[in-house]
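Below: the structure, in structure tokens.
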Amino acid sequence: MTVKSADEIELLRENAIIVSKTLAEVAKNIKPGVSTITLDQIAEEFIRAEGAIPGFKGYRGFPGTLCVSTNEEVVHGIPGNRVLRNGDIVSIDCGCQKDGFYGDSAYTFPVGEVSAEVLNLLKRTKESLLLAIDLAVAGRRIGDISSVVQEYVEGFGYSVVRELVGHGIGRQLHEKPDIPNYGKRGSGVKMPVGLTICIEPMINMGVKTVVQDADGWTIRTADRMPSAHFELTVAVRKEKADVLSTFRYIEEVLGSSSI
Ligand code: MG
Ligand code: MG
């Protein structure tokens with residue numbers, strides 16, 4: 001587990017802002033009829049125009065700039081010819097790399113008219129992330145973050161994916177420590193000032209069990225019920241986390257339809 005200097009945190013912030021703005025650019029184009037590969041191309045072009053490079057493309061052989069995961073797909077969906085339809089939800093996970101550091105952020109969008117039940121899943125998952133960020137302060141433990149996410153979403157009858165977790169971020173996309181979305185308050189390592197982490201609840205409407213497709217990437221729920229995913233990067237501080245990435249740009253695009 002490494003802590004970052006003030007200068008390193010600024011480089012991480014620069015990357016975090018690029019992925020935040022890229023997600024907003026993608027958000028402008030999310031509508032019924034658009035293909036997931038089109039969204040991927042929009043993201044790649046935007047990232048390169050910012051002087052960065054896609055952070056996921058080529059990572060362990062992943063082919064896309066974005067992970068695009070619809071409905072019962074949890075994460076790591078590969079962009080392709082699939083066309084978004086009215087009533088879908090789509091998780092867009094975006095990574096970039098600039099000046100030796102990474103950015104990594106995700107948001108789950110409704111496509112057209114989505115049922116109230118599914119919109120609630122999105123809303124509660126996003127809220128669990130914000131509750132977790134409140135606990136990303138020095139002296140707290142990783143388990144404090146994990147337990148607040150788990151308790152909050154389980155209170156609505158949702159379940160927490162176990163196989164995938166948040167992570168540290170820096171010169172590597174995935175650094176120590178793991179940030180599980182389930183666990184016990186007061187457990188795990190104490191967070192020091194300058195620790196930079198991606199918190200990313202992956203929350204299922206039905207069972208917690210997931211399966212992986214034969215493509216070696218796409219993770220989907222075992223019961224094919226919908227799943228939501230939101231991710232932000234924070235630097236741990238004494239009183240209050242410094243949130244490096246932001247949903248502000250996305251929410252400006254979504255306006256009143258924002259969840
Ligand atoms: Mg991500
Ligand atoms: Mg991540």
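Since every read-out is calculated from the coordinates, none of them should be taken as a lab result. What you are looking at is a predicted structure, and each value in this text was computed from that prediction instead of being measured. Heads up, the Cβs are rebuilt from the backbone with ideal geometry, glycines too, and the neighbour counts pull from every protein chain shown.
List the residue pairs whose Cβ atoms are under 8 Å apart, where the first residue sits in the range 1-14 and is in contact (Cβ under 8 Å) with a residue 40 or more places away in the chain, the second is basic (Lys, Arg) and surrounded by 20 or more Cβ atoms within 10 Å (Cβ to Cβ), and the two are 6 or more positions apart or on different chains.
Hits for this filter: Leu12/Lys4.
Quick check, is Leu84 in contact (Cβ under 8 Å) with a residue 12 or more places away in the chain, within 16 Å of ligand 2 (Cβ to nearest atom) and either touching a helix residue (DSSP H, G or I) at 6+ places or on another chain (Cβ under 8 Å) or closer than 18 Å to Ile259 by Cβ (or both)?
So Leu84 does not fit the description; no.
Output the residue which, of all residues in the range 107-124 that are part of a helix (DSSP H, G or I) and either under 24 Å from Phe46 (Cα atoms) or free of Cβ contacts under 8 Å to residues at least 60 places away in the same chain (or both), is farthest from ligand 1 (Cβ to nearest atom).
Step by step, filter the range 107-124, then rank; the result is Ala116.
What number of residues in the range 90-106 are more than 9 Å from ligand 1 (Cβ to nearest atom), out of contact with any Gly (no Cβ under 8 Å at 6 or more places or on another chain) and under 20 Å from Val74 (Cα atoms)?
2
If you check every pair at least six apart or on different chains, which have Cβ atoms under 7 Å apart with a residue in the range 236-259 that is in contact (Cβ under 8 Å) with a residue 60 or more places away in the chain first and a residue that is of a type in the set (S, T, N, Q) and part of a helix (DSSP H, G or I) second?
Going by the 7 Å Cβ cut-off, the qualifying pairs are Ser245/Ser20; Thr246/Ser20; Tyr249/Ser20.
List every residue pair whose Cβ atoms sit under 6 Å apart, with the two residues 6 or more apart in sequence or on different chains, where the first one lies in the range 94-106 and is within 16 Å of Leu232 (Cα to Cα) and the second, anywhere, is part of a strand (DSSP E or B) and among the β-branched types (Val, Ile, Thr).
Partner pairs satisfying both residue conditions: Gln97/Ile53.
Taking the range 178-208, which residues are in contact with a Pro (Cβ under 7 Å, 6 or more places away or on another chain) and more than 15 Å from ligand 1 (Cβ to nearest atom)?
Val189, Met205
In the range 97-108, what count of residues is obtained for those that are away from ligand 2 (no atom under 12 Å from the Cβ) and crowded, with 23+ Cβ neighbours inside 10 Å?
Result for the range 97-108: 3.
Among residues belonging to the range 136-156 that are in a loop (DSSP other than H, G, I, E, B), touching a residue at least 24 places away in the same chain (Cβ under 8 Å) and more than 16 Å from Phe230 (Cβ to Cβ), point out the one that is farthest from the chain's Cα centre (by Cα).
Filtering the range 136-156 for residues that are in a loop (DSSP other than H, G, I, E, B), touching a residue at least 24 places away in the same chain (Cβ under 8 Å) and more than 16 Å from Phe230 (Cβ to Cβ), the one farthest from the chain's Cα centre (by Cα) comes out as Gly139.
Out of the residues in the range 39-84 that are surrounded by fewer than 20 Cβ atoms within 10 Å (Cβ to Cβ) and part of a strand (DSSP E or B), which is nearest to ligand 1 (Cβ to nearest atom)?
Ile53
Assess whether Leu244 counts as being within 17 Å of Asp144 (Cβ to Cβ) and within 16 Å of ligand 2 (Cβ to nearest atom).
No; evaluated as a whole, the condition is false for this residue.
Does any residue of the range 211-231 turn out to be under 25 Å from Glu10 (Cβ atoms), out of contact with any Asp or Glu (no Cβ under 6 Å at 6 or more places or on another chain) and touching a residue at least 60 places away in the same chain (Cβ under 8 Å)?
Within the range 211-231, one or more residues are under 25 Å from Glu10 (Cβ atoms), out of contact with any Asp or Glu (no Cβ under 6 Å at 6 or more places or on another chain) and touching a residue at least 60 places away in the same chain (Cβ under 8 Å).
Scan the range 47-81 for residues that are within 14 Å of ligand 2 (Cβ to nearest atom) and among the charged types (D, E, K, R) and report the count.
1
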